[in-house]
Amino acid sequence: MNIVIVGTQFGDEGKGKFIDLLAKRADYIARYQGGANAGHTVVIGKKEFIFHLIPSGILHKRKKCIIGNGLVVDPQTLLEEIENLKKRGIDVKGRLFISENAHIVMPYHKLLDRVSELARKRKKIGTTGRGIGPCYTDKVARTGIRVADLIDEKTFKKKFKKILDEKNQLLRKIYHQKGFSYRKVLIEYSSYGRRIKKYVTNTSLLINRAIDKGKSVLLEGAQGTFLDIDWGTYPYVTSSHPVVGGVLTGLGVGPTRIDRVIGVAKAYTTRVGGGPLPTELPKRLGERVRERGREYGATTGRPRRCGWLDLVLLRSAIQINGLDSLILTKLDVFDELKEIKICTHYRYRGREINFFPNSLRVLSQCKPQYEVLKGWQESISRIKSYKKLPPNTKKYVKKIKKLLGIKIALISVGPQRNQTIVLDKTLR
Ligand code: IMP
């Protein structure tokens with residue numbers, strides 16, 4: 001079975017844990033978009049692993065992992081990740097494959113990311129500073145350097161010279177920066193090219209052949225639906241397609257090859273960086289949820305803004321991604337709360353809004369409407385079956401299920417692999 005895992009909110013839904021869990025049943029785990037802006041955390045016993053580029057499925061011995069063409073790859077981060085895994089006894093040799101068509105994040109992308117953010121003054125997107133936007137910009141402008149170019153020294157040398165001249169002009173004239181030395185970067189990146197060459201291949205061919213042979217692939221999204229360049233709160237978005245559509249272009253896999261699309265939703269909503277968060281909590285309560293949920297960015301360490309669960313967002317995510325079911329995460333974070341609110345819809349100029357508006361102006365005038373539920377006020381983090389959950393927890397889950405009209409496949413009550421309640425037995 002080929003399953004796609006998509007984030008249904010603003011990223012950080014807890015996808016990492018489920019990708020790791022579902023990786024058990026897959027032969028291949030493939031990422032289709034984004035770059036080192038992502039941070040997938042997997043906790044195994046006392047060990048915590050954070051992945052930025054390599055699919056977290058790599059922790060399972062014998063599983064093969066793919067970095068698809070839809071990604072932007074920072075070779076320095078990638079090599080560091082390979083090294084770190086090696087130090088912890090995990091070898092990626094023969095198990096990691098990188099698409100020839102993925103784009104390379106160059107040092108000027110990272111600098112441009114930072115200086116263009118500074119230039120935005122009060123209208124900052126709050127990017128991760130990993131060069132993601134500028135790298136995708138170059139991809140679309142047809143001035144990018146692909147993995148295939150980097151590993152072919154002659155091509156890289158020629159392409160890089162021309163591009164760097166332009167970038168240095170931009171950096172010097174518009175942003176008053178020093179620019180980069182051609183020789184220095186050429187030497188550094190040629191060496192990265194030589195080191196990653198052994199992992200580079202036609203990954204679309206690899207996946208399709210594997211599927212032909214009856215192998216199963218887990219397709220791993222980074223970020224979330226409302227950070228999507230088309231479907232997110234533009235311009236407060238990332239520059240790729242976290243939605244399911246990104247799988248097709250980002251891996252070269254056709255829609256008929258996908259068996260299931262599962263969305264991951266946190267029991268509340270978080271957002272890191274700028275942009276609207278309609279159900280944002282008041283300061284004190286927001287801090288309480290943040291502390292309990294350890295809501296700090298895995299990539300940047302920034303505190304995440306916290307809000308109540310927003311069903312308007314989820315309804316749209318279910319539609320845009322054609323979701324089969326939902327995974328609900330971090331339910332245990334609410335253990336202490338007396339009351340829990342769910343945003344069921346918005347009110348806009350006297351009208352009821354059930355689907356997420358595309359206009360930020362309209363969104364800013366929407367008033368979230370809540371249903372208030374009683375909290376359960378006991379710890380659920382050791383509970384292994386749905387039946388044993390406190391009645392008020394079940395009421396919360398049932399309410400979500402009913403108002404969204406979607407199955408809940410799994411519920412997470414803690415960061416560990418075994419802190420999971422399985423409702424969809426086919427995912428065991
Ligand atoms: P960029 O992807 O670094 O360009 O950042 C664009 C926006 O997406 C910013 O608001 C980031 O905080 C957000 N973002 C990017 N990656 C992630 C992620 O993995 N989790 C949550 N937010 C992210």
**Prompt:** For Val6, are the conditions met, namely being within 29 Å of Glu295 (Cβ to Cβ), within 16 Å of the ligand (Cβ to nearest atom), in contact with an Asp or Glu (Cβ under 6 Å, 6 or more places away or on another chain) and part of a strand (DSSP E or B)?
**Reply:** no
**Request:** Look at segment 367-425 and say how many of its residues are among the polar types (S, T, N, Q) and in contact with a strand residue (DSSP E or B) (Cβ under 7 Å, 6 or more places away or on another chain).
**Result:** 7
**Request:** Would you mind finding the one in Lys266, Lys338, Lys283 that is over 25 Å from Lys124 (Cβ atoms) and either within 16 Å of the ligand (Cβ to nearest atom) or surrounded by fewer than 16 Cβ atoms within 10 Å (Cβ to Cβ) (or both)?
**Result:** Lys338
**Message:** Show the residue pairs meeting these rules: Cβ distance below 7 Å; 6+ apart or different chains; first residue within segment 334-363 and assigned by TED's automatic domain parsing to the domain that holds Arg290 and under 20 Å from Lys266 (Cβ atoms); second residue basic (Lys, Arg) and in a strand (DSSP E or B).
**Reply:** Glu339/Lys374; Tyr346/Lys367
**Request:** Search segment 319-330 for residues that are over 19 Å from Ile380 (Cα atoms) and pair each with any residue that is buried (at least 24 other Cβ atoms within 10 Å of the Cβ) and hydroxyl-bearing (Ser, Thr, Tyr) when their beta-carbon atoms are under 9 Å apart and the residues are at least 6 apart or on different chains.
**Result:** Ile320/Thr225; Asn321/Thr8; Asn321/Thr225; Leu323/Thr8; Leu326/Thr8
**Prompt:** Can you tell which of Gly39, Gly35, Gly70, Gly45 is within 28 Å of Val272 (Cα to Cα), surrounded by fewer than 24 Cβ atoms within 10 Å (Cβ to Cβ) and within 15 Å of the ligand (Cβ to nearest atom)?
**Reply:** Gly39
**Message:** Take the conditions within 14 Å of the ligand (Cβ to nearest atom) and modelled with pLDDT of 95 or more and apply them to Leu277. Does it pass?
**Reply:** yes
**Fill in**
Residue set Tyr189, Tyr236; condition more than 16 Å from the ligand (Cβ to nearest atom), touching a strand residue (DSSP E or B) at 6+ places or on another chain (Cβ under 9 Å) and either in contact (Cβ under 8 Å) with a residue 24 or more places away in the chain or of a type in the set (Val, Ile, Thr) (or both); output residue Tyr189
**Message:** Here is a check on your reading of the model: is Gly221 within 16 Å of the ligand (Cβ to nearest atom), at pLDDT below 95 and in contact with a helix residue (DSSP H, G or I) (Cβ under 8 Å, 6 or more places away or on another chain)?
**Reply:** yes
**Prompt:** Which residues, counting only those in segment 111-126, are farther than 13 Å from His176 by Cα, in contact (Cβ under 8 Å) with a residue 60 or more places away in the chain and assigned to a helix (DSSP H, G or I)?
**Reply:** Lys123
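Test Ala210 against the stated conditions and say whether it is buried (at least 16 other Cβ atoms within 10 Å of the Cβ) and away from the ligand (no atom under 16 Å from the Cβ). Steps first, answer last, please.
Working: buried (at least 16 other Cβ atoms within 10 Å of the Cβ): yes; away from the ligand (no atom under 16 Å from the Cβ): yes.
Criteria met by Ala210.
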**Request:** Scan segment 396-407 and give yes if some residue there is closer than 20 Å to Lys17 by Cα and without any contact (Cβ under 8 Å) to a residue 24 or more places away in the chain, otherwise no.
**Result:** no
**Complete:** Considering residues that are without any contact (Cβ under 8 Å) to a residue 24 or more places away in the chain and surrounded by 16 or more Cβ atoms within 10 Å (Cβ to Cβ), the number found within segment 370-391 is 1
**Prompt:** Take the residues of segment 78-107 that are in contact (Cβ under 8 Å) with a residue 60 or more places away in the chain and part of a helix (DSSP H, G or I): which is surrounded by the most Cβ atoms within 10 Å (Cβ to Cβ)?
**Reply:** Leu78
**Prompt:** For segment 214-297, list the strands (runs of 3 or more DSSP E) that sit wholly inside it and hold at least 2 residues that are not β-branched (Val, Ile, Thr); which are they?
**Reply:** 217-220, 260-266
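The values are calculated or read from the model by the stated rules, or taken from the named source; none is laboratory data. None of the values given here were measured: they were computed from a predicted structure. Note that we place each Cβ from the backbone using ideal geometry, even for glycine, and neighbour counts take in every protein chain shown.
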